[in-house]
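The values are calculated or read from the model by the stated rules, or taken from the named source; none is laboratory data. Everything numeric here is computed off the predicted structure, so don't read it as measured data. Don't worry about glycine lacking a Cβ; one is built from the backbone with ideal geometry, like all the others, and counts go over all protein chains shown.
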Amino acid sequence: MVALPTRNIENLTLTLQKRISTKLSGVFGCSLLPGDRMVFSSYRDDKIRVLKSDGSTDFIIKTIGQTFDVVFISDDSIAVTSGESNQINIIDLKKRKLRKSIKVDSNNDGVVYKDGHLIYCAREKGLQMISLSDESITNVINNKLSIFAYVTTFGDKLFYTNYKHDSVTCCEYHGTILWTFCDKSLLLSPLGISIDNDGHVFVVGSGSHNVVIISPDGQRYRQL
């Protein structure tokens, strides 16, 4: 087996492909859906808007209470965290309505889906994972997270932001921290986080008004 070389972060560039009007304010969550659709969650308006591939509105849901982050899960559904309350809502995309509300034991901000589980930022309780089959909750890390923390996954690793500490951390699923990135001259108040197919970390600095890319080992970084 031959290992394929990964792209160097110095050679990565962003190209604008499309500009989308969400017609929402305070958008804190976004997820891609089958059929090139997109879903956005508005923390300020407490609503979910699903857009078609051409950017037009497919449908809106605004009767589920507080909304923070959103992620596509299997079985044609999305999970929506609530930020300030202790529930996560599951929305049926085909029926376009609430399927069920799951009670958790903490506030919940950023969320990612992995193998039948939701991993979410639980503020004072760190990172938690809930099984969608039996709704059992386990702790991934116990380190306190700030408000507005986000999480994503790549392979056997988790990556999460800390809004108040201006940091990005990579850890294993059992909680062992592999690295933490913090450079306040480059990244302030990080929010959304995503990973490409080579494991490069992309994070939005809401305070620094930029997008920063970090290498998979956390050693190299630059502003895009």
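Tell me yes or no: at least one residue of segment 179-190 is among the β-branched types (V, I, T) and buried (at least 16 other Cβ atoms within 10 Å of the Cβ).
no
Working carefully through the options K144, K94, find the one that is surrounded by fewer than 18 Cβ atoms within 10 Å (Cβ to Cβ) and either aromatic (F, W, Y) or touching a helix residue (DSSP H, G or I) at 6+ places or on another chain (Cβ under 6 Å) (or both).
K144
Looking at (1) farther than 23 Å from A79 by Cα; (2) surrounded by fewer than 16 Cβ atoms within 10 Å (Cβ to Cβ), which is the only condition S133 fails?
(1)
Pairs, please: C-beta under 7 Å, at least 6 apart or cross-chain, first residue farther than 22 Å from V27 by Cα and in segment 203-216, second surrounded by 18 or more Cβ atoms within 10 Å (Cβ to Cβ) and among the hydroxyl-bearing types (S, T, Y)?
Qualifying pairs under 7 Å: I214/Y221; S215/Y221.
Among the residues of segment 176-195, write down those that are over 14 Å from R220 (Cα atoms), under 18 Å from the mean Cα position of the chain (by Cα) and either of a type in the set (A, V, I, L, M, F, W, C) or in a loop (DSSP other than H, G, I, E, B) (or both).
Selection gives L188, S189, L191, I193, I195.
Going by the structure shown, is L145 under 19 Å from G207 (Cβ atoms) and in contact with a Gly (Cβ under 9 Å, 6 or more places away or on another chain)?
Yes, satisfied.
Please specify each residue of segment 142-157 satisfying the condition of being part of a strand (DSSP E or B) and among the polar types (S, T, N, Q).
Result: T152, T153.
If I ask for residues that are within 12 Å of P190 (Cβ to Cβ), hydroxyl-bearing (S, T, Y) and surrounded by fewer than 22 Cβ atoms within 10 Å (Cβ to Cβ), which ones from segment 147-178 would you list?
Once the filter is applied, which keeps residues that are within 12 Å of P190 (Cβ to Cβ), hydroxyl-bearing (S, T, Y) and surrounded by fewer than 22 Cβ atoms within 10 Å (Cβ to Cβ), segment 147-178 yields Y163, S167.
When you go through S106, S85 one by one, which is the residue that is in a loop (DSSP other than H, G, I, E, B), under 24 Å from Y173 (Cβ atoms), free of Cβ contacts under 8 Å to residues at least 24 places away in the same chain and among the hydroxyl-bearing types (S, T, Y)?
S106
Table: residues versus (1) at pLDDT 95 or above; (2) in a strand (DSSP E or B); (3) of a type in the set (G, A, S); (4) on the phi > 0 side of the Ramachandran plot.
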residue	(1), (2), (3), (4)
L118	yes, yes, no, no
M129	yes, yes, no, no
S133	no, no, yes, no
V140	no, yes, no, no
F159	yes, yes, no, no
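How many of the residues making up segment 159-188 are within 17 Å of S215 (Cα to Cα) and of a type outside the set (D, E)?
16
Among (1) touching a Ser or Thr at 6+ places or on another chain (Cβ under 9 Å); (2) without any contact (Cβ under 8 Å) to a residue 24 or more places away in the chain; (3) crowded, with 16+ Cβ neighbours inside 10 Å, which single condition is S77 missing?
So S77 meets the others, but not (1).
R44 fails exactly one of the following numbered conditions: (1) surrounded by 16 or more Cβ atoms within 10 Å (Cβ to Cβ); (2) closer than 25 Å to V203 by Cβ. What is the number of that condition?
Only one criterion is unmet by R44, namely (1).
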